[in-house]
1. Dipole of the stretch 48-162, Cα-centred, from +1 at each Lys and Arg C-beta and -1 at each Asp and Glu C-beta, to the nearest 20 debye?
2. Among all the lysines, which ones have a C-alpha under 26 Å from K80's C-alpha, if same-chain residues fewer than 8 places away are not counted?
3. Counting other beta carbons within 10 Å of each residue's own, what order do M205, M103, M194 fall into, fewest first?
4. For the stretch 88-218, what is the convex hull volume of the alpha-carbon atoms per residue, in Å³?
5. With +1 on the Cβ of every Lys and Arg and -1 on the Cβ of every Asp and Glu, and nothing else charged, how large is the dipole of the chain about its Cα centre, in debye rounded to the nearest 20?
6. Can you tell me how much longer the chain between T143 and E157 gets when fully stretched, taken as 0.36 nm per residue apart minus their C-alpha distance, in nm with one decimal?
7. Take every DSSP beta bridge whose two residues both sit in the chain, then give the antiparallel share in percent to the nearest 5.
8. Just want the answer: with Cβ charges of +1 for Lys and Arg and -1 for Asp and Glu, which residue in S112, Y176, I99 is farthest toward the dipole's positive end in the chain?
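Just so it is clear, none of the values below were taken in a lab; they were calculated from the coordinates. The shown structure was predicted, so the numbers you read here are calculated from the model rather than taken from an experiment. Reconstructed Cβ throughout: ideal geometry from the backbone, glycine too, with neighbour counts over all protein chains shown.
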Amino acid sequence: MGKAVLSITSKNYSSWSLRGWLMMRMSGLAFEEKPIPPDDPEMRADILLLSSSIRIPRLEHDGVVVWDVLAIGEYLAEIKPKAGLLPADRAARAHCRSICGEMHSGFVSLRSALPMNLKGRFPSFKVWSRAQADIDRVVAIWTDCLERSGGPWLFGERPTIADAMYAPVATRFVTYDVSLPKVAAAYRDRIVAMPEMKEWTAAAMAEPEDIEELEVEF
C-alpha cells in the first residue's frame, strides 16, 4: 500500500483529530502526521465549531483523499478488514454505525459546554441541564453496548471505530470532573489508559499554543 498522510490539528483541543488518529492507529496502517498550524482559519473553525462541515482530519492514501472521521473509519475498515474496526456480526455492525452516527451529528450541548481540553482540570464543574441530558445519553449508550458485548470495549474484545468516536468524550469527563456510574466510569478509565491515548495526551501536554476562546476561567 502507498504512503498515508493524516492531517490533524491541535492534540489538546481537537476531538475530531483524535478520533481519526485513533482509527488510524487501530487499523495498523502506517501513516505520517501532517499538523495544521493553530493560526490556520480552517483549523480554528473546526475546533471552535464554526464550520458547517468538518474537513479535518483528512487522510491521503494511494491517491485517495478522505475527510470526515466516519468516512475515514469506513475507508480503513475496507482496506484493513483484519483490524476489526467494525464488528463482524451484521446486527452489531449496524448498531456500531448507529451510535457512531449519533455521536457524529449530535451531542451539541455537550460539545459546546464541555469543550475538549486535555490540559484543563475543572473540579466540581457545574453541568447545566442540556449538557447533562447529553451526558446521560452517552452513559446509556456505553452501558447498553457493554452489557450486550460483555466488554471490555463497546463491541467486545477489541476496540472499534465506536471506541474511537467516544474517546474524546471520555477525556471531557476527566477534564470537567463529571460523576459517572460505576460501569461508565470504568469504561472511561479504560479509554484514557489506552497506550495510544497516553501517547496522544503526552503530545497534547507538550503543545505550546493556547486558543483563548477555549481557555475560559470557570
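1. 340 debye
2. Partners within reach: K3, K11, K34, K198.
3. On the way: M205 11, M103 24, M194 19.
Sorted ascending by nearby Cβ count, the order is M205, M194, M103.
4. Numbers: hull volume 14.2 nm³, N = 131.
Convex hull volume per residue, Cα atoms: 108 Å³.
5. 720 debye
6. Details: separation 14, 0.36 × 14 = 5.04 nm, distance 1.55 nm.
Extending this stretch completely gives an extra 3.5 nm.
7. 70 percent
8. I99
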